Amino acid sequence: MENGRKLYQKIAEKGFDGAIFLDEVSQHWLTGFASTDGMVLVTGKETLFLTDSRYIEAAQKEVNADVHATLYERSLPETAAKYAAEQGAKRICYDGGKLTVSQLKKLEKAFAGMELADLPGVCEELRRVKTPAEIANIRAAQQITDAAFSHICTVLKRGMTELEVAAELEYFMRKNGADGLAFETIAVSGPKSSLPHGVPGNVVLTENAFLTMDFGARYNGYCSDMTRTVVLGKADEEMRKIYDIVLQAQKAAIAAIRPGVSGKEVDAAARDIITAAGYGKYFGHSTGHSLGLEIHEEPRASVRSADLFVPGQLMTAEPGIYLEGKYGVRIEDLILVTENGCEDLTKSDKTLLEL
Ligand code: ZN
Ligand code: ZN
């Protein structure tokens, strides 16, 4: 079933007969077409995509089967309201978290006479479970990301800067089919590796120290996400010990992922190992998150998440230990929840690499 029809089913259950989306991500998910402008109106009859002359030709070729792509007239809200009236829609919902106040005011004016109501997170809820086509895109994005890791391991050398490492990863991904980056590449070395979301700088890689690389590609708009921590030179005893704790925690999280398990159980599987080793307070973030058209999507694997995993969801497994002023280690794979358990979409080696 097309995503627009899934959404209609969901809003109809809640008593609505129309839904409006102005944000890029919801529009992409509902139409199968990426653009930076326009509006989507979902009714019982169709998914109407109102766009402009920059996109119309491509949109009409590429949109999902239930989508009618057409040009809008002077005003987007007024065009949408006209179609809604023609199709007999009377109770229209929007996601208030994805509208600006001024957009909402314009909608209220154009849809005067119809009922407008906020239905927060209505698309996100459905986006949690991916279609086979979405999974194929995520799998392809992760394959490019794995290949980029193999590539960087062959070109890493003394004297390189963090920015050069990030640039190499990004160039390789683009050259090998990525249509963009899933997020800003993290490549941090030595003491900076203790910053979970450190920004690569124009600084030479520290020798005999950790280098943490967290990166991902986009493929047809869908994200991948992986982290590897390697050593440029030789690791000492303590570095080996910390790396091994994180690796055992990460493997335990993956082993826990299956349908019916909760996000907090998966988080605990990793966190318990790190805590038992005495490093619990140095693991400040969640064990994992889902992704799709956005790099961070629901559900999460966090201490609070009661969400039960279902087949077709994605989940990262990315515990870490961060010792301020010293170094940090994080290892991240991308996992698909399957009918019987899970599949690790990340194929790169996880043994401690000394390069
Ligand atoms: Zn990551
Ligand atoms: Zn991640």
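The values are calculated or read from the model by the stated rules, or taken from the named source; none is laboratory data. As the structure is a prediction and not an experimental result, all values here were calculated from the model. Positions of Cβ are backbone-derived with ideal geometry, glycine not excepted, and every protein chain shown enters the neighbour counts. Side chains are part of the model used for accessible areas, which takes the heavy atoms of the whole protein and leaves out ligands, DNA and RNA. Shrake-Rupley method; radii C 1.70, N 1.55, O 1.52, S 1.80 Å.
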Checked Ala209, Ala235 against criteria (in contact with a Pro (Cβ under 9 Å, 6 or more places away or on another chain) and in contact (Cβ under 8 Å) with a residue 60 or more places away in the chain); the one match is Ala209
Determine which member of the set Leu353, Leu314 is in contact (Cβ under 8 Å) with a residue 60 or more places away in the chain and within 16 Å of ligand 1 (Cβ to nearest atom). Leu314
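Would you confirm, using the coordinates I've provided, whether Arg258 is basic (Lys, Arg) and touching a Gly at 6+ places or on another chain (Cβ under 6 Å)? Outline the logic, then answer.
Working: basic (Lys, Arg): yes; touching a Gly at 6+ places or on another chain (Cβ under 6 Å): yes.
Yes; evaluated as a whole, the condition is true for this residue.
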Among (1) farther than 16 Å from Ser193 by Cα; (2) crowded, with 16+ Cβ neighbours inside 10 Å; (3) within 16 Å of ligand 2 (Cβ to nearest atom), which single condition is His296 missing? (2)
Could you please let me know if Thr185 is under 20 Å from Arg218 (Cα atoms), free of Cβ contacts under 8 Å to residues at least 60 places away in the same chain and in contact with an Asp or Glu (Cβ under 8 Å, 6 or more places away or on another chain)? yes
Considering only the stretch 307-328, state which residues are out of contact with any strand residue (DSSP E or B) (no Cβ under 9 Å at 6 or more places or on another chain) and small (Gly, Ala, Ser). Gly325
Working carefully through the options Arg218, Arg228, find the one that is within 16 Å of ligand 1 (Cβ to nearest atom), of a type in the set (Lys, Arg) and open to solvent by 10 Å² or more (accessible area, probe 1.4 Å). Arg218
Identify, by number, the condition in (1) open to solvent by 40 Å² or more (accessible area, probe 1.4 Å); (2) farther than 30 Å from Ala306 by Cα; (3) not in a loop (DSSP other than H, G, I, E, B) that Lys234 doesn't meet. (3)
First in the stretch 135-152 and more than 15 Å from Asp344 (Cα to Cα), second anywhere and among the β-branched types (Val, Ile, Thr), Cβ under 7 Å, 6 or more apart: Ile152/Val165
Would you confirm whether any residue within the stretch 310-329 is over 30 Å from Thr36 (Cα atoms) and among the polar types (S, T, N, Q)? no
